[in-house]
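Undergrad: Have a look at this one before I ask anything.
The values are calculated or read from the model by the stated rules, or taken from the named source; none is laboratory data. Quantities reported herein were computed from a predicted structural model and do not represent experimental measurements. Neighbour counts run over all protein chains shown; Cβ positions are idealised from the backbone, glycine included. Quick note on the areas: whole protein, heavy atoms, side chains included, nothing else; ligands and nucleic acids left out. Shrake-Rupley method; radii C 1.70, N 1.55, O 1.52, S 1.80 Å.
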Amino acid sequence: MTAAIEELRESLHPKIREALDKRGFDEFSEIQMRAVPKLIRGDNAILIAPTGTGKTESALLPIFHRMLTEPHPPGFTTLYITPLRSLNRDMMNRLEWWGKELGLRISVRHGDTTQNDRRKQATHPPDLLITTPESLQAMMMGKVLRKHLAGVRFIVIDEIHELAGSKRGAQLCVGLERIMELSGEVQRIGISATVGNPDVIGQFLCGKRPYTIVQVPVAKTLDLTVRFAGESFADQTKLIEKCIDSHTSTLVFTNTRSVAEAIGHALRERGDIDVHHGSLSREMRVDAEDRFRAGLTRGMISTSSMELGIDIGQIDHVVQFNSPREVARLIQRTGRAGHQLHATSKGTVLATGFDDCIESMVIVRKAMENEPENVRPHINASDVIANQIAALAVERGEIAIKKIEEIFSRSYCFADAGPLIREVIAQMEKHYLIRTESDMVITKARARRYLSQNLSMIADEKKSVVFDVVSRKPVGTLDESFVISWISSGAVFVARGQMWRVLDIDEDRIMVEPAKNAKGELPSWEGEQIPVPFTVAMEAGQLRRLHNFDGYHADERTVMFSEKILAEMKKNRSIVATDKVIVLEDADEGVVINLCGGHKVNEALGRVLSILLSARYGTAVGIETNAYRILLRLPKFLRAPDVDEVLCSLEPEHIEAILTLALKKTALYKWKLVQVAKKFGAIDADADYEKISINRLLDLFDGTVIEKEAFRELFFSNMDVEHARLVVQMIRDHGMETATSRLSIIGAEGLFTGRDVIVPPGEDQAIIASVKHRIDEQDIILACMHCKNWKSRTKVGRAPDTPQCPVCGARLIAVLKPYDEKMYLAMKKKNKSTEEREAEARMIRNANMVLSSGKKAIIALAGRGVGPEAAARILNTFATGDAFYREILKAERKFVQTHRFWSD
Amino acid sequence: MNPEFYPAGPAVLIERNVRTLVIADPHFGVEADLHRRGLHFQSGTASRLSRLLTIIEESDPDYLVVLGDLKHMIPYVTYQEKNEVPIVLKKIREKTEFRLAPGNHDTGLEKYLLKDELLPVNGAVIDGCGYMHGHTIPASELAGKLILCGHHHPVVNIYDEVGCSLRGTPGYLLAEIDNAAVDLPETPAATRVLLVPAFYELAGGMDVRLIPGNKISPLAKAIRTDTAEVFLKDGTYVDTWEDLTPDPEDT
């Protein structure tokens, strides 16, 4: 035992030393050596170290020490907060022993806790309470529990990186300050995975208070490889089996539940693998964990459910199936292997296609060189403000606005919320959640019920199961706000990369069938989507350009496969989109824009382009995006050069404004708006939306702080405006070139990750487009007024620009309505009635107009009730394009408002 | 007669011997019901009323005819309605004569109305046109007339090659009806209905494609689709009902 270790042991309470001896701990890990002295001293701290190196103990040993040595008031002395119930349970199992040895009472409180246990916690508060951020919110609603919270001296937040980037985290930030109101200042400790910006995590935990960061880098212990797993699913599962067979225990991560299920299904016969994901029942998951821990299974196929630190014993090897999409995610997942003090973590990424191979290489390089993404906390999320103001109002009955402002200003996420807080209060008042009286916020009868329905900022709303009646299988689940804003009988939507038509909706099931023909507005639902960041996608573009795969940790087969695709592109004379080239390709369905921008940039630019195209051409535009391409579904007459022209004329500073306009009518925006409105108390969790136009109801939020928050969140979470602007700037500065071409093999690689239809921004364009269509389809008769011997029935759309009589060769052609046919036949008569003579004059006038104005006259004369006089007026305006049709509409409206039309 | 369309309502003015401004289904006081359903919004009565008063000023009618559902809650009168409806009626009366063709939501409203203001449930003829809410069979005197009615909340969806380019915009449906289907005597001139869109801006609305034949009312069932035509709230002629571009999923 070295002197340093001995010294550290000596600094701990004798009971802890005894317990360490009992456990046979004669060594401390690096993180423990470095963290314990600082924490005993009372520092606030962020602890960052690889999984399985005793991070939990490094935080808790010093806290135990202080709990045993320092006097403290009654109540919960320590709060241990984790993001997940399963982590709570795992932590409880690990800490139970310590509690017994040290004579400390330890207990768990979360959604699954029984009434009996809750009561016990209220009457005899445990010394250490393990809980979730949401249960903490619930606890602050109760008088007795608030008393116990007043005794808190230490707060540990485990897996804090998971919380810091979400609204849950922003809520927790305020929650901590609310505890301070009860307990006074306490010691704060955050345990985090590797992130790019540990300082932000520190500020997130502590606000403006001092803190230290104790970091042991993960990257030096990683050993990562990319392997191409083949293009068929059979090849892919074979390789997974090989990986499982060559190690004692393997954890296989997939990006979605459906893929986890599919692999699990394919390997089920082996009998030594299990599947683990969030949709499985708790019993099944715990069972799988137990079997793996006991060595009964060798492989566990899982989603992010296994990512966090649940202890499942020794793991030799982590397999990531498909690109992990984010560097931090790969580091975290691989960190699960080598669960002991000094071992390295061995991981393999199995890539399945061209995009997947290149992207995996980039992410592996970044992971090995320790370049994880930054965590970005939500700053000034106003729905969190509303939620916590309601909580404070319920907690205290009434509270001064000044006090509210002070509490928020101490937290990192709302330090400069300023006037926003009063704006939020005013909005909440409009929805009758609270009222104000001379600078006090006062609770209302509804507020307590609101709060119990809105303890959580997770959009963990009621889920509706989507059930495919054709295959008789569930397809997945949809969030309620998505359902109410978009789903009705007959509606078509996209989920799991497929289109579904709604047949029926009952209590909690949506019955669907696969949609064949779908064109309508297609909102998409991809709940499990993990976006590829801009930096990763751009480096993938660079790799496509440079073909230099050194330093990317890929096996030979992966490199060969990637080279093969690039060689084939060259052979086909296709242009490869890179970090310096955008390629627009004509496909059957529309135009594919190959842009290595990542999901959020492509989503942003795709929407900007579609709104501009739909505005210019009055058509709806379908859009699908992924990290490397955007597909715009367009009418046949719009091709790549048209899109290129719009793309090249974009101004970087207009992007955000155009996007705001573009998003307003989308399913995504409305879904967010409903979520935010719920947090403001405008819409109850169980509201009844029948018989009401939810779309028009949402218009009531125009210009409000609720609308602002929906946009803020969209720009924060779904669109990367900053980098989209950068791309546009690069196009202008020629740092990025554009090219047009026919569809290439890279352009044709899978799309279908996000899908939507952008509608024209004004009603005007939609109406004009529909009128154009109606007039094009209008039956007309072209009739020669010279020889009076030729007539031909056709549609306006098919009529020639300058019609000519095939009998006499004259260009004096009248355009008549089908009901004029009889009258035309009368034109050949020698002796005409007065009525017939008038008709002849009208027809000649008509034909003269066609002679001088051609197709434009044909179109104008085809309008409903548009005679020669009205047509002449239209043509005299010399309007063209949409303005021309607008004139026709005007003339038709006039006709509708005249006696002739309503004749009675 | 000449109609004049006021898209801001939507409202339509019918001019023959007198000028009659027509709106349908304003549902004043709906917010109390929304509140019960978990949607918490401030009363929209003031803004709805001012929209109506502006149109009355612009169109300067001799009469305002409301085609039913002036109030919202069935089967009683809410606190909100007790407070607001008298004010609404007073403001309207200050501007113009007023008639109500009572709708299924107008329960308990009688006591707020003056003697001549309430029309019969089955409709009445004013200045040559029929007016009724539209949830009942029309009175026989309406046979052979143009009947304006509410109740159906008609909206138009416009589809193009790629998708739905305009969803749920208020519109009018004009059509002849089969007299026998609504127990009307045969008449030389066809009886026609003009379904007026709801003035109430949060109305869910029914796609005009789905109204004919629908069980929502006897009139809807009696519509002769080969004569039906569709207009937008500003009078823009969209198409005949039969030639409307169908919902792509229905083809």
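Undergrad: Looking only at residues in region A:509-549 that are modelled with pLDDT of 65 or more and of a type in the set (D, E, K, R), which one is least open to solvent (accessible area, probe 1.4 Å)?
TA: Per the stated criteria, the residue is A:Arg544.
Undergrad: Being open to solvent by 10 Å² or more (accessible area, probe 1.4 Å), within 20 Å of B:Asn214 (Cβ to Cβ) and either in a strand (DSSP E or B) or touching a Ser or Thr at 6+ places or on another chain (Cβ under 8 Å) (or both) narrows it down to one residue among B:Gly134, B:Gly144, B:Gly168; which is it?
TA: Matching residue, one of B:Gly134, B:Gly144, B:Gly168: B:Gly168.
Undergrad: Here are the criteria: (1) touching a helix residue (DSSP H, G or I) at 6+ places or on another chain (Cβ under 8 Å); (2) closer than 29 Å to A:Lys772 by Cα; (3) open to solvent by 10 Å² or more (accessible area, probe 1.4 Å); (4) touching a residue at least 12 places away in the same chain (Cβ under 8 Å). Tell me which single one B:Arg209 does not satisfy.
TA: Among (1) touching a helix residue (DSSP H, G or I) at 6+ places or on another chain (Cβ under 8 Å); (2) closer than 29 Å to A:Lys772 by Cα; (3) open to solvent by 10 Å² or more (accessible area, probe 1.4 Å); (4) touching a residue at least 12 places away in the same chain (Cβ under 8 Å), the lone unmet condition for B:Arg209 is (1).
Undergrad: Any residue at all in region A:892-903 that's under 21 Å from A:Ile781 (Cα atoms) and either within 13 Å of chain B (Cβ to nearest Cβ) or open to solvent by less than 50 Å² (accessible area, probe 1.4 Å) (or both)?
TA: Restricting attention to region A:892-903, the residues satisfying the condition of being under 21 Å from A:Ile781 (Cα atoms) are A:892.
Within this subset, residues satisfying the condition of being either within 13 Å of chain B (Cβ to nearest Cβ) or open to solvent by less than 50 Å² (accessible area, probe 1.4 Å) (or both) are A:892.
Yes, region A:892-903 contains a residue that is under 21 Å from A:Ile781 (Cα atoms) and either within 13 Å of chain B (Cβ to nearest Cβ) or open to solvent by less than 50 Å² (accessible area, probe 1.4 Å) (or both).
Undergrad: Same structure, new question: Among (1) modelled with pLDDT under 95; (2) touching a Lys or Arg at 6+ places or on another chain (Cβ under 9 Å), where does A:His161 come up short?
TA: (2)
Undergrad: Further question: Quickly run through region A:30-55 and pick out the residues that are assigned to a loop (DSSP other than H, G, I, E, B) and open to solvent by 10 Å² or more (accessible area, probe 1.4 Å).
TA: Across region A:30-55, the qualifying residues are A:Arg41, A:Gly42, A:Asp43, A:Asn44, A:Pro50, A:Thr51, A:Gly52, A:Thr53, A:Gly54.
Undergrad: Which of the residues spanning region B:171-192 are within 11 Å of chain A (Cβ to nearest Cβ) and open to solvent by less than 20 Å² (accessible area, probe 1.4 Å)?
TA: B:Gly171, B:Tyr172, B:Leu174, B:Thr191
Undergrad: I would also like to ask the following. Considering only region B:79-105, state which residues are among the hydroxyl-bearing types (Ser, Thr, Tyr) and more than 24 Å from B:Cys149 (Cα to Cα).
TA: Residue satisfying the conditions is B:Tyr79 alone.
Undergrad: Something else now. Which one is most open to solvent (accessible area, probe 1.4 Å), of the residues in region B:1-45 that are charged (D, E, K, R) and at the interface with another protein chain (Cβ under 10 Å from one of its Cβ atoms)?
TA: Looking at residues that are charged (D, E, K, R) and at the interface with another protein chain (Cβ under 10 Å from one of its Cβ atoms), I get B:Arg36.
Undergrad: To continue, here is another question. Have a look at A:Glu369, A:Glu359, A:Glu395 and point out the one that is within 30 Å of A:Val259 (Cβ to Cβ) and open to solvent by less than 50 Å² (accessible area, probe 1.4 Å).
TA: The match here is A:Glu359.
Undergrad: Right, here's the next one. For region B:98-108, state whether one or more residues are more than 14 Å from chain A (Cβ to nearest Cβ), in contact with a Lys or Arg (Cβ under 9 Å, 6 or more places away or on another chain), surrounded by fewer than 21 Cβ atoms within 10 Å (Cβ to Cβ) and without any contact (Cβ under 8 Å) to a residue 60 or more places away in the chain.
TA: The answer is yes; a qualifying residue exists.
Undergrad: While we're looking at this one, here's another question. Within region A:138-153, restricting attention to residues that are open to solvent by 10 Å² or more (accessible area, probe 1.4 Å) and in contact (Cβ under 8 Å) with a residue 40 or more places away in the chain, which residue is nearest to A:Gly335 (Cα to Cα)?
TA: A:Arg153
Undergrad: Identify, by number, the condition in (1) at pLDDT 95 or above; (2) open to solvent by 20 Å² or more (accessible area, probe 1.4 Å) that B:Val77 doesn't meet.
TA: With respect to (1) at pLDDT 95 or above; (2) open to solvent by 20 Å² or more (accessible area, probe 1.4 Å), B:Val77 is out only on (1).
Undergrad: What do you reckon, is A:Ile379 of a type outside the set (Ser, Thr, Tyr) and part of a helix (DSSP H, G or I)?
TA: Details: of a type outside the set (Ser, Thr, Tyr): yes; part of a helix (DSSP H, G or I): no.
Judged against the criteria, A:Ile379 is not a match.
Undergrad: Look at A:Ile213 and say whether it is open to solvent by 10 Å² or more (accessible area, probe 1.4 Å) and in a strand (DSSP E or B). Don't jump to the end; show me each part of the working.
TA: On the way: open to solvent by 10 Å² or more (accessible area, probe 1.4 Å): yes; in a strand (DSSP E or B): yes.
When the stated conditions are applied, A:Ile213 passes them.
Undergrad: It is to be established whether one or more residues within region A:666-685 are in a helix (DSSP H, G or I), in contact with a Phe, Trp or Tyr (Cβ under 7 Å, 6 or more places away or on another chain) and of a type in the set (Val, Ile, Thr).
TA: no
Undergrad: Listed residues A:Lys600, A:Lys636; which is more than 24 Å from the chain's Cα centre (by Cα) and open to solvent by 10 Å² or more (accessible area, probe 1.4 Å)?
TA: One residue alone meets the criteria, A:Lys636.
Table: residues versus (1) under 19 Å from A:Lys167 (Cβ atoms); (2) open to solvent by 40 Å² or more (accessible area, probe 1.4 Å); (3) among the small types (Gly, Ala, Ser); (4) modelled with pLDDT under 95.
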residue	(1), (2), (3), (4)
A:Ala390	yes, no, yes, no
A:Ile407	yes, no, no, no
A:Ala447	no, no, yes, yes
A:Asn454	yes, no, no, yes
A:Phe467	no, no, no, yes
A:Pro474	no, yes, no, yes
A:Gly497	no, no, yes, yes
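Undergrad: Take the residues in region A:1-29 that are of a type in the set (Val, Ile, Thr) and in a helix (DSSP H, G or I); name whichever of them is least open to solvent (accessible area, probe 1.4 Å).
TA: Within region A:1-29, the match that is least open to solvent (accessible area, probe 1.4 Å) is A:Ile16.
Undergrad: If we keep just the residues of region A:653-710 that are in contact with a strand residue (DSSP E or B) (Cβ under 9 Å, 6 or more places away or on another chain) and among the basic types (Lys, Arg), which is surrounded by the most Cβ atoms within 10 Å (Cβ to Cβ)?
TA: It comes out as A:Lys665.
Undergrad: Is there a residue in region A:806-825 that is part of a loop (DSSP other than H, G, I, E, B), among the small types (Gly, Ala, Ser), more than 14 Å from chain B (Cβ to nearest Cβ) and under 30 Å from B:Tyr172 (Cα atoms)?
TA: Scanning region A:806-825, I find no residue that is part of a loop (DSSP other than H, G, I, E, B), among the small types (Gly, Ala, Ser), more than 14 Å from chain B (Cβ to nearest Cβ) and under 30 Å from B:Tyr172 (Cα atoms), so the answer is no.
Undergrad: So which of A:Ala839, A:Ala870, A:Ala862, A:Ala857 ends up being open to solvent by 20 Å² or more (accessible area, probe 1.4 Å) and either more than 11 Å from chain B (Cβ to nearest Cβ) or more than 20 Å from B:Lys233 (Cα to Cα) (or both)?
TA: A:Ala870
Undergrad: If you go through region B:46-72, how many residues are open to solvent by less than 10 Å² (accessible area, probe 1.4 Å), over 15 Å from A:Leu697 (Cβ atoms) and within 14 Å of chain A (Cβ to nearest Cβ)? Let's see the steps before the verdict.
TA: From region B:46-72, those open to solvent by less than 10 Å² (accessible area, probe 1.4 Å) are B:48, B:52, B:55-56, B:59, B:64-71; that's our starting set.
Cutting the leftovers down to over 15 Å from A:Leu697 (Cβ atoms) gives us B:52, B:55-56, B:59, B:64-71.
Subset that is within 14 Å of chain A (Cβ to nearest Cβ): B:59, B:69.
Number of matching residues: 2.
Undergrad: Same structure, new question: Would you be able to say whether some residue in region A:81-95 is among the polar types (S, T, N, Q), over 35 Å from the mean Cα position of the chain (by Cα) and surrounded by 20 or more Cβ atoms within 10 Å (Cβ to Cβ)?
TA: Checked against the condition, which is being among the polar types (S, T, N, Q), over 35 Å from the mean Cα position of the chain (by Cα) and surrounded by 20 or more Cβ atoms within 10 Å (Cβ to Cβ), region A:81-95 yields no hits at all.
Undergrad: Pull up region B:193-224, narrow it to residues that are part of a strand (DSSP E or B) and under 20 Å from B:Gly144 (Cβ atoms), then point me to the one that is nearest to the other protein chains (Cβ to nearest Cβ).
TA: Within region B:193-224, the match that is nearest to the other protein chains (Cβ to nearest Cβ) is B:Leu194.
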